[in-house]
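Notes for the one structure printed next.
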């Protein structure tokens with residue numbers, strides 16, 4: 001897994017540069033501390049004691065360039081505008097705009113790096129997930 005980790009860290013540097021070119025510089029005092037693979041969904045892992053933030057990718061990204069790039073691109077955008085303040089650490093609160101830009105960037109990166117077919121697969125997966133979430137929201141509103 002060392003090779004995959006090194007490759008993910010190299011890829012992240014490229015994606016950070018691209019994201020900053022499109023959306024502006026990182027607006028935080030958190031220090032980026034690399035990528036790690038975990039047995040849970042991708043996320044940013046904040047460490048207030050060391051003022052660092054790490055990108056955590058799911059194990060699905062190990063050995064799968066499509067998953068790696070999709071997850072990395074999304075989390076890289078969250079790095080630009082972290083959802084946790086360094087001076088007031090607590091539970092991260094990502095806003096809708098940040099989620100939208102992060103998702104948009106993921107699709108753009110997948111399309112550029114893996115082609116239109118891969119981008120279509122990513123969009124279809126996102127649409128399917130959105131419909132499932134919408135159905136859950138409607139279902140919960142209909143309950144007494």
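The values are calculated or read from the model by the stated rules, or taken from the named source; none is laboratory data. Model, not experiment: these values are computed from the prediction. Neighbour counts are summed over all protein chains in view; Cβ atoms, including those assigned to glycine, are modelled from backbone coordinates with ideal geometry.
In summary, residue 17 fulfils each of the numbered conditions (1) modelled with pLDDT of 95 or more; (2) in contact with a helix residue (DSSP H, G or I) (Cβ under 8 Å, 6 or more places away or on another chain); (3) surrounded by fewer than 13 Cβ atoms within 10 Å (Cβ to Cβ) with the single exception of condition (2).
Every condition in (1) under 28 Å from residue 1 (Cα atoms); (2) touching a residue at least 12 places away in the same chain (Cβ under 8 Å) holds for residue 64 except the one numbered (2).
Out of the residues in the stretch 86-103 meeting the condition of being without any contact (Cβ under 8 Å) to a residue 24 or more places away in the chain and surrounded by 15 or more Cβ atoms within 10 Å (Cβ to Cβ), tell me which one is nearest to residue 54 (Cα to Cα). Reasoning before the result, please.
Filtering the stretch 86-103 down to residues without any contact (Cβ under 8 Å) to a residue 24 or more places away in the chain leaves 87-88, 90-91, 93-100.
From the residues that got through so far, the ones that are surrounded by 15 or more Cβ atoms within 10 Å (Cβ to Cβ) too are 94, 98.
Numbers: 94: 16, 98: 17 Å.
Looking at residues that are without any contact (Cβ under 8 Å) to a residue 24 or more places away in the chain and surrounded by 15 or more Cβ atoms within 10 Å (Cβ to Cβ), I get 94.
From the list 76, 53, the lone residue that is surrounded by 20 or more Cβ atoms within 10 Å (Cβ to Cβ) and closer than 14 Å to residue 11 by Cα is 76.
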